Amino acid sequence: MAWSGIIGQERIAIALRSALRGGRVAHAYLFHGADGVGKRAVAIEFARALLCRSGGDEACDECDACHKSARGLHADLSILMPQPKDADHSEVAERVSRLFENRYATVDFARRPSLDDPEKTSNKQARYHVGRIHEELYRPMSFKPVEGRYKIAIITDVDLFNKESANSFLKLLEEPSSRTVFILTTARIDHVLPTIQSRCQRMRFSLLESDVIVEHLVSAMEIEPDYAEVIARMADGSVSRAVDLGSNKDLAAMRQGVLELFRLIWKARDFRPEELDALTDVAAQTSSYGRERTKIFLRLILAWLRDIVLYRNSGSVEGLVNIDSAEAVANFSDRVPEADVAAMIGVVEEAIGLTQRNVHLGLLMLAMFNELRRAMRGEPGAQLYRPLVEEPFVVGAG
């Protein structure tokens, strides 16, 4: 793969290659930036360059060390990801294997509880526990390199350390063995202990440009360029999210469903019984998606609403996510000037949050559709959810 296989992030690659050439490799790096922008891919490639027998600034892909590191089988390379306490070792190994097969794949427990079923959710928390730090970091990283020049540990999503594991890892970070390199990744740097941050060389990963993501979708996934452009805009700079969207066979139908929903809500503004019945049917159909697919559907609605805001403010279709529906966006903006789009966005964002809770999806969708209809008429809205038991009134309370 070498550095040519990294999607974007040229600034990061140049800095790391310069460090390799100059022999200025730090003992710890903290790669931070949004999900899916290539932090793990760069971490793996940097580790491979460090282990390559050529001693250059990139993996030669010819020596035995490169062959092993390409499959994640090098004795001096460890990769850790947060996992539930009862995670099976064979499943962890399978996830690591898939990561090396496709470094932009979503394989972690937190974002993909089930590898075989992307729609499946879990109430088990994926975290780092102190026992794992001792077993999978302290022991292997305390020995000298077996085959390569360095002993390397890639630790993903370090914001998911609990207090005990973070403090345990901090001790290892403060007193590293010689020829060891730690590469940490996170999408939430504000959740990483300042004491860990201060002992790492921080490198910020930028969101990827749409054209870079389009090129990958077209070349690697053979997606038509026009459709790849839409997916890339929906991905918000994340190639991993773009890959997931591009692999979703229902995405095109769901996008069409969003457009039809807006037309239906517009028709139902004046309480026509047949349109209201149709909204009830759509709510029932949407709830059958399951929570994960419902969230995708809601995010598609949100993207459409944000396109309307952009068009209203600029009068231009440039920059729209749904660029292939630019005419529909313009028509809605022009024909329904009274629509309170900000309120509609708030309703959808509340619905996305509620899908994480134990609510009835059918009722949630129906309530959301009704509030969208009201906001489209310019009427004041209401919350989708209120607790059955209100806070008790206390006499004399301010």
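Structure above, values below:
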| quantity | calculated |
| --- | --- |
| Straight-distance crosslink candidates among lysines, where the alpha carbon sits under 20 Å from K144 and sequence neighbours closer than 8 are dropped | K68, K171 |
| Inter-label distance for R98 and K249, nm, one decimal - labels placed 7 Å from Cα along Cα-to-Cβ | 1.7 nm |
| The chain: DSSP helices with Cα axial extent of at least 15 Å and average Kyte-Doolittle hydropathy no lower than 0.5 | 39-51, 210-221, 251-267, 341-354, 361-376 |
| Shape of segment 149-195, Cα gyration tensor, a/c cut at 1.5 | oblate |
| Segment V359-R149, extension gain: residue separation times 0.36 nm, minus the distance between their alpha carbons | 70.2 nm |
| Spin-label model distance (nm) - H89 vs M221, 7 Å beyond Cα toward Cβ | 3.5 nm |
| Unit Cα scatterers, Debye sum, the chain: log10 I(q)/I(0) for q = 0.10 Å⁻¹ | -0.78 |
| Dipole axis of the chain (+1 Lys, Arg; -1 Asp, Glu on Cβ), positive-most option in L207, S177, I296 | S177 |
| For the chain: accessible area per residue (Å², 1.4 Å) | 50 Å² |
| Counting DSSP beta bridges with both ends in the chain, the antiparallel % (nearest 5) | 5 percent |
| Max mean-square fluctuation residue, GNM over the chain, Cα-Cα springs under 10 Å, options M141, M221, M254 | M221 |
| Point-charge dipole on Cβ atoms (K/R +1, D/E -1) for the chain, about Cα centre, debye to 20 | 1460 debye |
| Gaussian network model of the chain, Cα within-10 Å springs - most flexible of G33, G362, G22 | G22 |
| Tail weight of P(r) past 15 Å, computed on alpha-carbon pairs of segment 167-253, percent | 66 percent |
| In segment 31-81, the trypsin sites (Lys or Arg not before Pro) that fall in loop regions by DSSP, at most 12 other Cβ within 10 Å | R71 |
| Three-way shape label, segment 13-71, alpha-carbon gyration tensor, a/c 1.5 | oblate |
| Length gained when the stretch E164-V130 is fully extended (0.36 nm per residue, less Cα-Cα span) | 11.6 nm |
| Cα gyration tensor category, rounded, prolate or oblate, for segment 246-332 with a/c compared to 1.5 | oblate |
| Contact order relative to length of the chain, as percent, for alpha carbon pairs under 8 angstrom and 6 or more apart | 16 percent |
| Accessible-area composition of the chain, carbon plus sulfur, in percent [1.4 Å probe] | 49 percent |
| Segment 289-366-segment 190-239 distance, computed between alpha-carbon centres (Å) | 23 Å |
| Highest-fluctuation residue, R293, R11, R357 considered, GNM on the chain with Cα pairs under 10 Å | R357 |
| Pairwise FRET efficiency - E292 versus S206, Cβ, R0 = 25 Å, nearest 0.05 | 0.35 |
| Mean residue ellipticity (222 nm) of the chain, computed from DSSP H runs ≥ 4 via -39,500 (n - 2.57), nearest 500 | -15000 deg cm²/dmol |
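The values are calculated or read from the model by the stated rules, or taken from the named source; none is laboratory data. Owing to the predicted nature of the structure, the values given are computational and were not obtained by experimental measurement. Cβ atoms come from the backbone with ideal geometry, glycine included; neighbour counts cover every protein chain shown. Areas reflect the complete protein model, heavy atoms only, side chains present, ligands, DNA and RNA absent. Shrake-Rupley method; radii C 1.70, N 1.55, O 1.52, S 1.80 Å.
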